[in-house]
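The values are calculated or read from the model by the stated rules, or taken from the named source; none is laboratory data. On a predicted model such as this, the values are computed, not experimentally measured, just so you know. Every residue, glycine as well, gets a Cβ built from its backbone with ideal geometry; the counts of neighbours run over all protein chains shown. Note: areas computed on protein heavy atoms with side chains; ligands, DNA, RNA excluded. Shrake-Rupley method; radii C 1.70, N 1.55, O 1.52, S 1.80 Å.
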Amino acid sequence: MDGWQVTVALPIALALIMFGLGLALTVADFARVVKYPKAVVVALSCQIVLLPAIALGLVLLLDLAPQPAVGVLLLAASPGGATANLLSHLFHGDVALNVTLTAVNSVIAVVTLPLVTNFALEYFEPAGTGGLGLQFGKVVQVFLIVLVPVVTGMLTRRWAPGFARAMDRPVRISSIVFLALITLAAIFAERANILDYLLQVGVVMLLFAVASLAIGYWVPKVAGVRHAQAIACSMEVGIHNSTLAMTIAISLLGDIRMAVPAGVYGVNMLPLALAAGWLMTRRARADGTFSPVTAADRSADR
C-alpha cells in the first residue's frame, strides 16, 4: 500500500504527535533524572534491553515471517509517548516521572532504534531490503522525525507559553483524530489482507503488549521503586509509539508488512493498558502499598 494515507498523512500525523509531546516538555524534565535515578535507570533498562530481547524471543518461538518479525523488533525499540502520561495520571502514577522518561527515551531512541532495527534486518534478512537497512541517511531521517517536532514544541512553549497552552489540547485532539482517520483509511485499503495480518501477528502482539506492561511494573517493584513510580514505569515501558514504528517501516524501509505489528498493537494496546492499570491499582490497595502522588508532590515538581 503506497497511497496518501501512508506516504503523506502518516508522517504528518507523527509530526503532530511529536510536536504535541514537545509542548508538554521543558528542559527541567530532562534535568529531573537526578530526582528519580533508580526509577529512570530501571525503566530505561527495561525499555532498551529487556523488551527487544523479549520481542526477539517471541518472534523466534512463534516462527514469524521475516517482515513482520522485523516489525515487532522495530516496535519494541520505539519509545513511549503522551498516551503513557495520560494513563499514568488516570491510575495515580507519578506523571512527572513519565514526562522525564518520555523526554530521555525520545533522545536515546534516535540511537537505539536504528541499532535494533538494523540488527533485525540483518538477522531475519527479509526479501526486498537488499541488506541495506537504516543507513546513515535514513538514521538522519529518524532523527528529524523524532526530535525536530519535539524541539519545535519545546521552543514554542518557551518562547510563546500562552500560545503553547492554548494549542496543547487542540494539537492532542487533532493528532488523535487525524491518526484515527489514517488508520481507518489504511484498514480499508488493506481490507482484503486484514485477516491474514491478524493471524500472522495477533498472538505475538498480544503477548508482547502484556509482557511490556508486566515487566514495566514488576521489575521496578522488585528493584524497590514505590507504587506510583512503578505505575509510571509500566505505562512508559508498556506503551510504545506505534505511529513512529509504522512511519519508519513504510516511509523509510518501504514495506507495509513491517508496519503490520505496530498497527495491530495500536488496536489492542489501550484496552490492555486500561486493564493492567486497574489490576495494578487494585492489587496495591489490597496489600496496602497504594501511594498516589499528592498535590504537594506535584507542586514540588513545578
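Please turn the phi angles of the stretch 101-113 into ³J(HN,Hα) values with the Karplus equation 6.51 cos²θ - 1.76 cosθ + 1.60 (θ = phi - 60°), one per residue in order, whole Hz, x for glycine and proline.
The phi angles translate into 4, 4, 4, 5, 5, 5, 6, 4, 4, 4, 9, 6, 5 Hz.
From largest accessible area down, sort ILE215, ILE173; use a 1.4 Å probe on the protein chains.
ILE173, ILE215
Whole angstrom only: what separates the Cα centroid of the stretch 39-90 from the Cα centroid of the stretch 226-265?
Each part's Cα centre sits 7 Å from the other's.
Could you state the principal axis extents of the C-alpha atoms in the stretch 239-289, from the largest down, to the nearest angstrom?
50, 15, 10
Going by average Cβ density within 10 Å per residue, which order do the peptides 93-102, 231-240, 66-75 take, highest to lowest?
231-240, 66-75, 93-102
Tell me, what HN-Hα J-couplings in whole Hz come from the Karplus equation 6.51 cos²θ - 1.76 cosθ + 1.60 at θ = phi - 60° for each residue of the stretch 249-258, using x for Gly and Pro?
4, 8, 7, 9, 9, x, 9, 5, 5, 6
Per-residue accessible area for HIS92 at 1.4 Å probe radius, Å² rounded to 10?
Roughly 70 Å² of HIS92 is accessible to a 1.4 Å probe.
Pop a pseudo-label 7 angstrom from the Cα along the beta-carbon direction at both PHE143 and ALA31 and give the gap in nm to one decimal.
2.6 nm
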